[in-house]
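Chemist: One structure follows; several queries about it will come next.
The values are calculated or read from the model by the stated rules, or taken from the named source; none is laboratory data. Please read all numbers here as calculations on a predicted model, not as lab measurements. In this analysis, Cβ positions are derived from the backbone assuming ideal geometry, glycine residues included, and neighbour counts consider all displayed protein chains.
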Amino acid sequence: MVDGRLFMSLGERKPKVSVIVVNAKGTKQLEECLRALMETDYPNYDVTVVDCLTTGISEWMRERFPDVRLIHFDHDIGASASHNVEEKTLDPTVKYLSFLDNDAVVTKSWLRELVNVMESDEAIGMAQAKIILAKDRRILDHAGIALDVLGTWYTTRGMREDKLRKVFEIFAASSAACIVRREVFEEAGGFDPDYFIYDDDTDLSFRIRLLGYKVVFVPSAVVIHLGEQAKALSPRKLYHSVKNRTCTMLKNYELRNLWWRFILYSVLTVMAALTLFAMGKRRESKEVFRGILYPIRNVRRIWEKRLRIQAKRRLRDSELLKRGLLRSDIYPTLLDLKSKLRYIKG
């Protein structure tokens, strides 16, 4: 394993980190991701790749990265469940879990910078690296600074990277490159596997917030994102995005803040689905409606999750509103709906 390179730093052993890379259906970007990980200057970490549906990956990994653990599935369990797999088999010395997408290329000091911030304040439950775009490294990819009324991120995407130089609180960390305390991850319940893909990191961050922990952005921990924002939206993404955003609301908000958010989001989403239908995008319209109907069809399951989350709550929604981490407008949601319709219209 990679942690065979352990050494003592300034007479103290650094806390152990388990890095989990989620991969699916190929190795094109994974190789660059893992080669960069092998150059990480942090002394006490190991790496696990959780893969779905990549033919021949076991032999490929043995030849190129024999020190990296592989957990392979011959069916698609989804990114959300993939994030959880490694935690169930960790050795007890692991203090932190770090998650990376397979198209993330880390810099040498990324993990050291994240751990230093986590170690500086036990109230920090989760932290995100500064993710920059490979095509223009002066530009930030994203960090979830805050959520609007309907659960859309105020994001750093498109900002110049030199605008953010200090550690600061954000509402949600992206699982593309983040770190979380293992004990906090376990208390929060990990990623929700029912999300399958998309917005599972927002949901986890929300639950960590409700436990009273902070989520922060660490600009000195730099990660390069090889992928590009999609120029089109698949029906699959529309379904999971609507489903998951609705579930995040239903599980996490206090009732006084939930009912009107849920109604408003449902009305806007139905309008979007009808607009798609009128545009002749019937498959896309169907998937949006499926996303809206999911909570109704799974109301008992979602309610049981809600009861568990609310029983652990240590922080009121009002405190998150006061800090500006939850906002009282819907501007990002309207922009998001507009951009989705534009992409679909082509």
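Chemist: What's the number of the condition Val222 fails, among (1) out of contact with any helix residue (DSSP H, G or I) (no Cβ under 7 Å at 6 or more places or on another chain); (2) buried (at least 17 other Cβ atoms within 10 Å of the Cβ); (3) of a type in the set (Val, Ile, Thr)?
Modeler: Here Val222 clears every test but (1).
Chemist: Output the residues belonging to the stretch 71-92 that are modelled with pLDDT of 95 or more and either surrounded by fewer than 17 Cβ atoms within 10 Å (Cβ to Cβ) or in contact with a Leu (Cβ under 8 Å, 6 or more places away or on another chain) (or both).
Modeler: Result: Ile71, His72, Phe73, Asp74, His75, Asp76, Ile77.
Chemist: Going by the conditions given, is Lys243 more than 13 Å from the chain's Cα centre (by Cα) and surrounded by fewer than 19 Cβ atoms within 10 Å (Cβ to Cβ)?
Modeler: Taking the combined requirement at face value, the residue does not satisfy it.
Chemist: What is the residue count in the stretch 274-293 for residues that are under 24 Å from Tyr331 (Cβ atoms), out of contact with any Asp or Glu (no Cβ under 8 Å at 6 or more places or on another chain) and in contact (Cβ under 8 Å) with a residue 12 or more places away in the chain?
Modeler: Going through the stretch 274-293 one residue at a time, the tally reaches 6.
Chemist: Checking the structure you have, find out if any residue of the stretch 207-219 is crowded, with 16+ Cβ neighbours inside 10 Å, within 15 Å of the chain's Cα centre (by Cα) and under 18 Å from Leu293 (Cβ atoms).
Modeler: No, every residue in the stretch 207-219 fails to be crowded, with 16+ Cβ neighbours inside 10 Å, within 15 Å of the chain's Cα centre (by Cα) and under 18 Å from Leu293 (Cβ atoms).
Chemist: For residues in the stretch 259-298 being closer than 16 Å to Pro235 by Cβ and of a type in the set (Lys, Arg), which is surrounded by the most Cβ atoms within 10 Å (Cβ to Cβ)?
Modeler: My answer is Lys281.
Chemist: A further question follows. Output the helices (runs of 4 or more DSSP H) that fall wholly within the stretch 36-150 and possess 3 or more residues being under 15 Å from Ala176 (Cβ atoms), or say none.
Modeler: 78-85, 110-120
Chemist: Further question: Across the stretch 102-155, what is the total count of residues that are within 14 Å of Ala172 (Cα to Cα), surrounded by fewer than 22 Cβ atoms within 10 Å (Cβ to Cβ) and either modelled with pLDDT of 90 or more or among the hydroxyl-bearing types (Ser, Thr, Tyr) (or both)?
Modeler: Matching residues across the stretch 102-155 total 2.
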